[in-house]
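S.K.: Got a structure for you, written out below as structure tokens; questions coming shortly.
The values are calculated or read from the model by the stated rules, or taken from the named source; none is laboratory data. Everything numeric here is computed off the predicted structure, so don't read it as measured data. Cβ: placed from backbone, ideal geometry, glycine included. Neighbour counts: every protein chain shown. Side chains included, ligands, DNA and RNA excluded: accessible areas come from the protein's heavy atoms. Shrake-Rupley method; radii C 1.70, N 1.55, O 1.52, S 1.80 Å.
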Amino acid sequence: MMSFDDTSEKNIEILAIEDNEESNTSYGANKGSGDANQDDEKIILATEVLPENLIIIPVQNKPLFPGMMLPILVSGKFVKSVHFADGNDKTLGLLLLKSKEKDVLIENDFYHWGTAAKILGVHRNLDDTLQVLLRTMKRFKVEKFLRFDPHIVVRVHYPDEIQPEMTQEAKALLRSLVIEMQTVIKENQLISNELKGALQNIDFSNPGLLSDVAASLTSAEAKDQQQILETIDVIDRMRKVLLLLKKEMDLISLQKQISQEIQEKISKQQREFMLHEQMRVIKKELGIEMDDKSLEVKRIEEKLLKLKFPEQVREKIDNDLQKMKLTEPHSPEFGVIRNYLDIITSLPWRKYSRDITDLNRARRILNQDHYGLEDIKNRIIEFIATMKIKKNVQGSMICLVGPPGVGKTSVGKSIARALNRKFYRFSLGGMRDEAEIKGHRRTYIGAMPGKIINGLKYCGTANPVLMLDEIDKLSHSYMGDPSSALLEVLDPEQNSDFVDHYLDVPFDLSRILFITTANTLDTIPAPLLDRMEIMRLSGYIGKEKVEIGRRFLLPKQLQAHGLTRDNLDINRNALAKIAQDYAREAGVRTMEKNIATICRKVTTRLADGDTKKVSIGIRNLVKFLGKPRFRENPLEKDNPPGVSTGLAWTSMGGAVLKIESTSIAQKRGFKQTGHLGEVMIESSSIAYSFVNSALERYGGQPDYFNNNFVHLHVPEGATPKDGPSAGTTMALAILSLALGRKIRKGLAMTGELTLTGNVLPIGGLREKIIAARRNKVQEVILPKLNETDFDELKDYLKKGITFHLVDHFDEIKEIAFS
């Protein structure tokens with residue numbers, strides 16, 4: 001690629017194509033209007049020495065016009081072309097390319113009108129390019145392309161210009177051209193002073209040359225300038241150039257307008273800045289106002305006077321405040337220090353809310369906010385009583401464990417309200433960066449304190465109730481382990497000197513009441529679990545759900561939908577039906593969603609103009625909620641031999657589990673299906689082996705298992721299942737199959753089985769009993785080793801169910817088939 005500087009100091013690129021071959025191309029006779037003088041000492045006219053054949057140098061972006069002297073930069077193949085021409089007649093042809101550079105040039109890539117130029121001087125640069133000084137001489141038209149290698153050679157014709165007769169029209173055109181050209185030269189800031197001086201010396205009596213110079217000064221497109229080059233009628237050329245000059249003046253006017261608007265805007269801003277600075281200096285001298293930096297320092301100092309800091313913290317704040325005074329306000333460090341001091345002075349240092357430990361008030365608040373949960377309420381009252389006697393809650397960390405929707409978060413809010421403390425909740429679910437707990441160091445851009453310190457800042461007291469929700473769903477990654485960071489937060493021996501990475505000074509967390517929530521304890525690390533007092537919320541039975549729906553859920557949804565009791569009423573039977581057939585879960589979230597569905601339908605009726613009160617009962621419930629989600633209770637039907645009912649525990653609460661078995665008359669074998677976990681598969685193998693060993697004693701055929709392949713299945717195969725507590729249930733299903741006898745209707749059980757038939761204790765007893773009540777189980781078989789847990793159950797949970805506490809499977813067999 002080559003470029004040259006024209007008389008308007010605009011760069012025009014010259015295409016260069018590498019070629020190392022050389023050629024001794026011969027040219028035809030020179031064409032001229034007279035005989036050339038061969039004496040080197042005499043001046044030779046240009047028209048007498050322009051050859052018929054020209055070596056071509058391609059140009060890009062704009063054509064070159066006759067009557068100019070300009071330098072060009074040549075490289076590649078055309079370096080040899082310039083040397084060849086310089087060694088012969090010193091003449092080159094300049095042709096404009098129609099498009100951008102190509103690797104191989106052909107005839108159609110060029111316009112066929114160009115300008116012949118004489119070489120005045122050649123200078124070789126260090127990078128082997130050439131700086132060539134040219135004088136453009138005359139227009140030519142290509143008659144034929146002779147060759148392209150090693151030089152581009154064309155045969156040309158030099159047409160004579162059609163000079164105008166100086167009529168009135170011609171004089172007017174010439175005068176207009178001169179005026180417009182002088183205006184462009186004066187207004188165009190891209191034209192240098194030296195160039196302006198040279199243009200002032202142009203012969204204005206030569207309209208053809210004047211038109212060419214004027215066209216070269218414009219920023220018109222290449223095709224428009226090429227049209228000027230191809231116009232030999234001077235009158236037509238002047239008309240076309242005048243049009244280009246008019247467009248150029250419009251462009252210059254627009255540029256001046258834009259520049260003026262920008263300058264006015266800048267001037268206005270500078271003026272306002274100067275006035276503000278003058279006002280600031282005047283006010284400072286008069287003592288009326290301080291600068292921004294002084295105001296910030298004063299504001300922070302005033303905050304410091306109202307707070308009581310530990311000595312170590314005060315020393316740290318004083319050091320940073322001194323740095324702030326010495327730092328320029330425009331420095332990034334100034335903003336970092338200011339933010340740090342803002343945060344550290346916004347924390348509740350030694351500021352505590354007054355605890356209210358009135359037990360009667362606490363009972364009243366807990367009863368107002370929750371129905372049922374008597375064991376949890378009693379535990380909370382005991383906890384508050386301890387606070388009352390001990391005078392503080394140092395070392396108190398409560399973990400509320402239970403299925404979704406049983407009220408863990410609302411219990412935490414009630415505790416805070418009963419104690420007259422501020423409440424702040426944040427979720428730990430999915431958290432995988434320990435900096436979320438302990439903050440980021442100040443060296444990082446955008447560093448902030450952790451969730452604990454932010455909670456204290458939000459509450460404004462140093463003894464709030466902080467709820468750490470979903471602690472069982474903590475994650476970890478390469479950025480750290482948040483559960484390890486929580487060890488310090490929840491450890492009463494360490495949290496009195498908790499150091500957040502951002503603050504870098506200790507803060508006392510020992511007066512905070514931490515409440516964590518979880519659906520299960522299995523995923524909580526043991527060291528973290530050891531620091532917390534566990535309180536279980538097992539779920540609600542049908543009666544409790546009806547009362548919760550009547551007292552809390554229905555009023556809440558009526559208010560949320562803009563309804564009143566005059567618009568909608570849902571009776572107890574309908575609420576019981578919702579709990580049994582539409583929301584058979586441990587919590588009440590699904591029940592609340594069903595009540596919200598009814599409210600939306602009633603709201604739609606009101607919007608349509610039907611103001612009649614809607615009363616929901618069992619008969620019209622289906623009309624609003626559709627068909628029940630849960631089928632008729634399977635325990636109310638007789639099961640065939642080989643089917644038993646077990647009680648299971650899940651993170652969603654207790655559940656009733658059917659276990660089915662069947663046999664195929666073929667050789668011995670045993671298969672389990674139903675997405676069972678490893679422990680449950682082991683339990684099924686133990687049950688199969690035990691029944692094999694005891695079948696003859698239980699009155700079965702000794703060779704039954706030798707002649708039958710047994711398949712054990714736990715329905716809802718897409719749901720993962722695991723745990724040892726279904727051992728007795730699976731053994732009873734296999735025994736029922738082998739004996740061909742049905743199990744007693746309405747019987748469910750739970751218990752781990754050993755190879756010798758002993759029944760071992762299980763967990764989640766309360767959740768399982770609630771599930772049994774919810775599914776209308778009539779009899780329940782439990783391990784005798786769970787008797788202590790059984791005795792702690794409330795009477796309303798046991799009412800209406802017959803319980804059998806057993807030590808050995810022999811007792812289960814007698815109960816099941818009696």
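S.K.: Just the Cα atoms of the stretch 64-143, one point each, no solvent: what log10 I(q)/I(0) does Debye give at q = 0.15, 0.18, 0.21 Å⁻¹?
M.R.: With one equal scatterer per Cα and no solvent, log10 I(q)/I(0) is -0.57, -0.82, -1.08.
S.K.: Compute the accessible area per residue over the chain, keeping the other protein chains in place, probe 1.4 Å, unit Å².
M.R.: Per residue, the chain has an accessible area of 51 Å².
S.K.: Report relative contact order for the stretch 473-607 in percent, whole number only (criteria: Cα-Cα under 8 Å, sequence separation at least 6). Provide the component values of the computation, followed by the final result.
M.R.: Working: 99 pairs, mean separation 25.7, N = 135.
Computed value for the stretch 473-607: 19 percent relative contact order.
S.K.: Taking square-rooted eigenvalues a ≥ b ≥ c of the alpha carbon gyration tensor, is the stretch 213-339 rounded, prolate or oblate, where a/c under 1.5 means rounded and, failing that, a/b exceeding b/c means prolate?
M.R.: It comes out prolate by the Cα gyration axes.
S.K.: So, one more: Calculate the dipole size of the stretch 540-670 relative to its Cα centre from +1 charges on Lys and Arg beta carbons and -1 charges on Asp and Glu beta carbons; express the result in debye to the nearest 20.
M.R.: Taking the Cα centre of the stretch 540-670 as origin, the dipole is about 140 debye.
S.K.: Could you pull out every one of the lysines with an alpha carbon less than 17 Å from that of Lys303, ignoring same-chain neighbours closer than 8 positions?
M.R.: List returned: Lys293, Lys316, Lys325, Lys351, Lys457.
S.K.: If you fit an axis through the alpha-carbon atoms of helix 168-187 and take the longest principal axis of the Cα set of the chain, what angle between them do you get, 0 to 90°, nearest 10?
M.R.: 50
S.K.: Averaged over all directions, how much area does the convex hull of the C-alpha atoms of the stretch 403-496 cover when projected, in nm²?
M.R.: Over all viewing directions, the stretch 403-496 projects a mean Cα-hull area of 7.2 nm².
S.K.: Same structure again: Listed highest first by mean packing, meaning other Cβ atoms within 10 Å per residue, what order do 364-374, 329-339, 399-409 come in?
M.R.: So the order, starting with the most tightly packed, is 399-409, 364-374, 329-339.
S.K.: Another question, if that's okay. Taking the chain, how much of its Cα-Cα pair set, in percent, is spaced more than 53 angstrom apart?
M.R.: 54
S.K.: Additional query: Quick check: the angle from helix 359-369's long axis to the longest principal axis of the chain, C-alpha only, nearest 10 degrees?
M.R.: Helix 359-369 sits roughly 70 degrees off the main axis of the chain.
S.K.: How about Lys138: which lysines have a C-alpha closer than 23 Å to its C-alpha, ignoring those fewer than 8 places off in the same chain?
M.R.: Counting by Cα, and skipping residues close in sequence, Lys138 has these lysines nearby: Lys10, Lys31, Lys42, Lys62, Lys90, Lys98, Lys118, Lys223, Lys240.
S.K.: Then there is this: Holding the Cα-Cα limit at 22 Å, pick out from Lys413/Lys776; Lys408/Lys593; Lys377/Lys776 the pairs that are longer than that.
M.R.: Lys413/Lys776; Lys377/Lys776
S.K.: Students often forget the sequence filter, so: which lysines lie under 17 Å Cα-Cα from Lys784 once same-chain residues fewer than 8 apart are removed?
M.R.: Those lysines meeting the cut-off are Lys768, Lys798, Lys813.
S.K.: Expressed as a whole percentage, what fraction of the accessible surface of the chain belongs to carbon and sulfur atoms when a 1.4 Å probe is rolled over the protein heavy atoms? Let's see the in-between values first.
M.R.: Details: 20260 of 41380 Å².
The computed percentage sits at 49.
S.K.: While we're here: What dipole magnitude, in Debye to the nearest 20, does the chain give about its Cα centre under +1 on Lys/Arg Cβ and -1 on Asp/Glu Cβ?
M.R.: Working: 116 positive and 112 negative charges, 1297 e Å.
In debye, rounded to 20, the chain gives about 6240.
S.K.: Starting from the Kirkwood radius over alpha-carbon pairs of the stretch 569-688, derive D by Stokes-Einstein at 10 °C in a medium of 1.306 mPa s and give it in µm² s⁻¹.
M.R.: It diffuses with D of about 87 µm²/s by this estimate.
S.K.: Rg over Rh of the stretch 705-818, using C-alpha atoms and the Kirkwood radius, what does it come to? Each step should come with its number before you reach the end.
M.R.: Values: Rg = 14.5 Å, Rh = 15.0 Å.
Taking Rh as the inverse mean 1/r over Cα pairs, Rg/Rh reads 0.97.
S.K.: With 15 Å as the cut-off, how large is the P(r) tail for the stretch 444-514, expressed as percent of Cα-Cα pairs?
M.R.: 58
S.K.: Largest first, please: the extent of the C-alpha atoms of the stretch 756-813 along each principal axis, to the nearest Å.
M.R.: Largest first, the stretch 756-813 extends 34, 21, 15 Å along its Cα principal axes.
S.K.: Can you list the equivalent-ellipsoid semi-axes of the stretch 710-762, largest first and in whole Å, using the square root of 5 times each Cα gyration tensor eigenvalue?
M.R.: Equivalent ellipsoid of the stretch 710-762: 17, 17, 12 Å, largest first.
S.K.: Against the longest principal axis of the chain, how steep is helix 589-607, in degrees 0 to 90 to the nearest 10, with axes from Cα atoms?
M.R.: Computed tilt is about 70 degrees.
S.K.: So, one more: Just to check I understand the Karplus step: with θ = phi - 60° and J = 6.51 cos²θ - 1.76 cosθ + 1.60, what whole-Hz values come out for the stretch 442-458, glycine and proline as x?
M.R.: Running phi through 6.51 cos²θ - 1.76 cosθ + 1.60 with θ = phi - 60° gives 5, 5, 8, 5, x, 4, 9, x, x, 4, 5, 5, 4, x, 5, 4, 5 Hz.
S.K.: Hey, another quick one. According to the square roots a ≥ b ≥ c of the eigenvalues of the Cα gyration tensor, what is the shape class of the stretch 416-551, taking rounded for a/c under 1.5, prolate for a/b larger than b/c otherwise, and oblate for the remainder?
M.R.: prolate
S.K.: When only Cα pairs under 8 Å and 6 or more residues apart are kept, what is the percent relative contact order across the chain?
M.R.: 7
S.K.: Ok, one more. Would you mind calculating the relative contact order of the stretch 539-631 from Cα pairs under 8 angstrom and at least 6 residues apart, reporting the percent as a whole number?
M.R.: 38
S.K.: Follow-up question, since we're still on this one. I need the phi-derived Karplus couplings for the stretch 111-127: 6.51 cos²θ - 1.76 cosθ + 1.60, θ = phi - 60°, integer Hz, Gly and Pro marked x.
M.R.: 6, 9, 10, x, 10, 7, 9, 9, 7, 9, x, 10, 10, 8, 8, 5, 8
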